[in-house]
Structure formats: C-alpha cells, structure tokens
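**Q** Quick one: this structure, given as structure tokens, is what I'll be asking you about.
Taken together, the values in this text are just the output of simple stated rules run on the coordinates, not laboratory data. From a predicted model like this one, the values you see are computed outputs, not experimental measurements. A quick note on method: Cβ atoms are made from the backbone with ideal geometry, for glycine too, and the neighbour counts reach across all protein chains shown.
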Amino acid sequence: MAAGRGEFKSRWGFILAAAGSAVGLGNIWGFPTQAASNGGAAFVLVYLVLAFVLAYPVLMAELLIGRHAHGNAVAALRGISNSRLSAGIGALTGGIGILMACLILSFYGIVAGWILGYTASFPIEALGFTSAADWLIGFDLSRNISLMVLFMFMTIGIVVGGVHDGIERWSTRLMPALIVTLIALALYVLTLDGASAGLKVYLLPDLSRIFSGDLIFDALGSAFFSLSLGVGTMLIYGSYLSDKENLPSTGAQVALIDVGIAVLAGFLIVPAMFVAAERGVEIFDARGALLSEDTLIFNVLPALFETLGLAGTFMATAFFALLGVASLTSSISILEVPVAFLVEQFNWPRKRAALTAGALIATVSGIVLMNFDVLFGLVVTLTTRYGQPILGLMLCIYAGWVWRQDSLLGELKKTDAAAETSLFFRIWPVYVRFVCPVIVGSIVIRSIL
Ligand code: PHE
C-alpha cells in the first residue's frame, strides 16, 4: 500500500461519496426519459431486476478488488493476478479503464457545462438580462467551451482537496441537498394538472415490452452507467475504504440509494412531461413517439417552467442546480481515476495530477465540441455501450477466475468473522464466476453484432 493514501473517514462518508458517484445524469436524466420512451413501468421493472441481479454483483467485484489492493486499477488488477500473463492483461485492462474514464468525463463535462448554463440562465433572465440568458442556453462554441471549462475547474478544485477533505466533504454536503431538492420538486409537480397521466405511464407496465431484447439491453447499459461500473471508479473508491467496513452491506446501500434516486427522479420527470403536454408543450414527435432525451430535458422542461411564472423560475433553477450537483459528485469520482493512477504510479503531487489530467480531458472535450456532430455520439457509444460492459466482464473474470479464491474469501471475511454463514458469502463467489460473465458476455456480444 502506498504511504499516505487517503481514506474515507466514516462509513457514511463513503456511502454518500460512492452514491454521489453513482447518482448523476444517468439517474436523473437518462433513467426517467428512457423509462418514458420504453414502456414506462416495464422498463422500470427490468431495470430494478438488472440492477440487483447483475450490477450489484459487479459493483461488489470492483469494491472488493479495490479494497484488497488499496491501489489504483492498474496496480490492483496486477496485484490479484496469478501469472505473468494475467498480470499483463490486468494492467492493460486497468489502463483501458482509466482511458475510458477520461473519455466519459470528456462528454460528461460538456453536458454538465450546459447544465450550469441553464441553471444560471433562469435567474439571469428573470432579472432582465435576456441576451446573457440567451447566450447561456444557446448552442455556440464559445459558450459550450467556456461552460465545460468552468465545470472542469470545479471538478479539479474538489479533487485537489483529496479523498477526505475534497471528495468526502463535498459529497456529504451535496448529496443531502440533492435528495431534498428532488423530493420537493417531485411533490410540487405531482400537484399540477396532467401529472396523473404521467404517473400512469410510469407505474403501469406495458408488459408486451418487457421481453424485447432492446429494452433489456438498454436497461443493462443504464444500470452499468448509473452505478459507475467498469471504469475503475468504484474500484478506486473501494481502495480508500478502511478494512473495518463490511463491504456487502455498504455496497448494497450504495446500490439502493442509486436505484432509489433514479426511481424518485422518475416521479418528477415523467409526470412533468405530461404536465407540459397539458399546457400545450409538444412532447411527442411526428410519429407519435416521445421526443428524444435531450429535447425533453433542455426544451420540454424549460418550456413547462416558463408556463409557471415565478414559481417556474424557482423550479427551473432548482431543477438544473440539482442536475449540476449530481453531475459534480459524479465527475469528481471519474477524475479521481486518472489522478489516483498518476499519484501512485508516478509519485506526482495530487495537485499536479489533477490539473494535468483535468486539462487533458478538457482538451479532448474541446476537440469533441469542435466536431460535435461526428464525435459526441461516437464517444458516448464507445464508452458506455461497449467500454463499460466489456470492462465489467473483465472485472468479473478477474474476481471469479484469476484472483485466488482463498484470498478473495479472506477479503470478505476481514470485517465479518461470521461471514461464512452469510448468504452473500455462499452465493456471490460462485455467481461472479459463472453467472455474471455469461450474462454480461452475451450482452456484449449482442451489442457488437
Ligand atoms: N454514474 C454516473 C451517472 O449516473 C456516471 C458515471 C459513469 C460515473 C462512470 C462514473 C463512472 O451519471
């Protein structure tokens, strides 16, 4: 273990930080809008099942590997290897994970920048500065780049503070604020006309959709993205966790908060869409399908808020601030992946590592922005559709097949002497060996075909 590694100071701090990483655009934006356009409750059901049957076991693999190694992804996968070949492949896998994390942040930072722009635009508009407000929400290169850079500075600023003083401190402040705002907004929207039509779509499953391959595939992708899996984020957070914590229950709490917030966000977004429709905002396209996800967040909801007068200005500001907070607690966890690597592998000071990695990622974002039509979708697909599931598969293989079973079981027993009698202990090791790789593998193959 590297000397002077940071550590989460409290169990709750870790849970909020890991949940903060997990809860982000994937939950508050992606999940509800995908649910709305994929048969409502049918999607919700499949998502819930996959989150617990598949994403949770993979989350546990990442947390366990990370905590066992107390090191970054490259060092950790090399560390649990049993031969030179597996050590080499492990290091390569960890390295690709770090690269994927950087690419994810390169598009995440762009979208989060837009969110900052929207957050500021509503109060600025209300104060009468219309052209400034228009600039903040207009799609031009200077605005896109400035906002992305601003967001990256916020992310870097927190990560420079380190695990306890940066990540843990900010996550424990921001996450409760996020949950309270989300509940308040959902309660308000549910009182408006039209909300009940949305609730119906959200809660009554269109059963014919449940077994469609695309639905399962989309739901799995969302679950992996939403729980921050595959790219070493949870591995590195696990590595900062003390040996005293009971991992299966801590991991389960993180997964529960993540899924809970996604479901909660659905109670806000889906009814809000139907409230908007009630007020004459178009929510379906010419073919009668729901508008695409980004249109919903960046057009439909602002149009709805506009019809609500001053209350709408408050709601809009609160809503986008909420999205901004959720993005920030996720982006710090993504930046931590390359930063931990640079600090541990090359002995760089944390500040230099955070600034260098942040600047490189912002440069990539800039390139993506300059070629937006070609690159944006490509980077999102490459990282979330292929990268995350394939790396998740590799992690299962390392946890299930490469890591010596006695060492893995020892890691589980560290905190809980009676672990051997627990259900988790009996099921998970076999599960991560056989079931996870088969399911994740078949989904990966399907996505490639
Ligand atoms: N889980 C985050 C979200 O839902 C995104 C993320 C992906 C974070 C991968 C870290 C790693 O928005």
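**Q** Going 7 Å from the Cα of ILE448 along its beta-carbon direction, which residues of region 388-431 have the amide nitrogen within less than 18 Å of the resulting point?
**A** 388-398
**Q** Follow-up question, since we're still on this one. Pulled fully out, how much extra length does the chain show between VAL438 and ALA311, if you take 0.36 nm times their separation in residues and subtract their Cα-Cα distance? Working shown, then result.
**A** Values: separation 127, 0.36 × 127 = 45.72 nm, distance 5.03 nm.
Full extension from VAL438 to ALA311 adds 40.7 nm.
**Q** Helix 11-22: angle to the longest alpha-carbon principal axis of the chain, degrees 0 to 90, nearest 10?
**A** Taking the Cα atoms of the chain, the angle to 11-22 is about 60 degrees.
**Q** Given +1 on the Cβ of Lys and Arg, -1 on the Cβ of Asp and Glu, and no further charges, what dipole in debye does the chain carry about its Cα centre, rounded to the nearest 20? Write out the running numbers ahead of the final one.
**A** On the way: 24 positive and 27 negative charges, 261 e Å.
For this selection, approximately 1260 debye.
**Q** Then there is this: Given 20 °C and 1.002 mPa s, how large is the Stokes-Einstein diffusion coefficient of region 108-157 in µm²/s, with Rh as the Kirkwood radius over Cα pairs?
**A** On the way: Rh = 10.8 Å.
Rounded, D is 199 µm²/s.
**Q** Output the direction-averaged projected area (hull surface divided by four) of the convex hull of the alpha-carbon atoms of region 380-449, in nm². Walk me through the intermediate numbers first.
**A** Working: hull surface 21.3 nm².
Taking the Cα atoms of region 380-449, their convex hull projects to 5.3 nm² on average.
**Q** To continue, here is another question. So what J values fall out for region 165-173 if you push phi through Karplus, 6.51 cos²θ - 1.76 cosθ + 1.60 with θ = phi - 60°, rounded to Hz, Gly and Pro as x?
**A** These are the phi-based 3J(HN,Hα) values: 6, x, 4, 5, 4, 6, 5, 6, 7 Hz.
**Q** Which cysteines in the chain lack any other cysteine whose Cβ sits under 4.7 Å from their own Cβ?
**A** CYS102
**Q** So what's the angle, to the nearest 10 degrees on a 0 to 90 scale, between helix 56-69 and the longest Cα principal axis of the chain?
**A** Tilt relative to the chain: about 50 degrees.
**Q** Let me ask something else about it. Based on the alpha-carbon gyration tensor of region 11-448, what equivalent-ellipsoid semi-axes (square roots of 5 times the eigenvalues) come out, in whole Å, largest first?
**A** Working: eigenvalues 253, 127, 75 Å².
After scaling each eigenvalue by five and taking roots: 36, 25, 19 Å.
**Q** If you average the sequence gap of Cα pairs under 8 Å that are 6 or more apart and divide by the length of the chain, what percent do you get for the contact order?
**A** Details: 702 pairs, mean separation 147.0, N = 449.
It comes to 33 percent, rounded to a whole number.
**Q** If r is the Cβ-Cβ distance from PHE211 to ALA87 and R0 is 51 Å, what FRET efficiency results, to the nearest 0.05?
**A** Given R0 = 51 Å and the Cβ-Cβ separation, E is 0.80.
**Q** Follow-up. I need the calculated FRET efficiency for the pair THR191 and ALA286, taking r as the beta carbon distance and R₀ as 30 Å, to the nearest 0.05.
**A** On the way: r = 32 Å, r/R0 = 1.05.
Taking R0 as 30 Å, the efficiency between THR191 and ALA286 is 0.40.
**Q** Evaluate the distance, in nm, between pseudo-label points positioned 7 Å from the Cα of VAL149 and of LYS200 along their respective Cα→Cβ axes.
**A** 5.1
**Q** Identify all lysines with a Cα-Cα distance to LYS413 below 27 Å; exclude those on the same chain that are fewer than 8 residues away in sequence.
**A** Qualifying lysines at Cα under 27 Å: LYS9, LYS244.
**Q** Rounded to the nearest 500, what is the chain's calculated 222 nm mean residue ellipticity when only DSSP H runs of at least 4 contribute -39500 (n - 2.57) each, over all residues? Show your work: numbers first, answer last.
**A** Numbers: 21 runs with 319 residues, N = 449.
The helix contribution divided over the chain gives -23500 deg cm²/dmol.
**Q** Could you calculate the contour length gain from TYR386 to THR363, that is, 0.36 nm times the residue separation minus the distance between their Cα atoms, to one decimal place in nm? List each step's numbers first, then the result.
**A** Details: separation 23, 0.36 × 23 = 8.28 nm, distance 2.30 nm.
Result for the pair: 6.0 nm of gain on full extension.
**Q** Return one number: the angle in degrees, 0 to 90 and rounded to the nearest 10, between the long axis of the Cα atoms of helix 350-370 and the longest principal axis of the Cα atoms of the chain.
**A** Once rounded, the angle reads 50 degrees.
**Q** Taking 51 Å as R0, compute the FRET efficiency from the Cβ-Cβ separation of PHE52 and PHE346 and round it to 0.05. Don't jump to the answer; show the numbers that get you there.
**A** Working: r = 39 Å, r/R0 = 0.76.
Step by step, r from the Cβ atoms, then E = 0.85.
**Q** So, in nm, how far is label PHE139 from label GLU420 when the simple model puts each one 7 Å beyond its Cα toward the Cβ?
**A** Using points 7 Å along Cα→Cβ, the separation is 6.1 nm.
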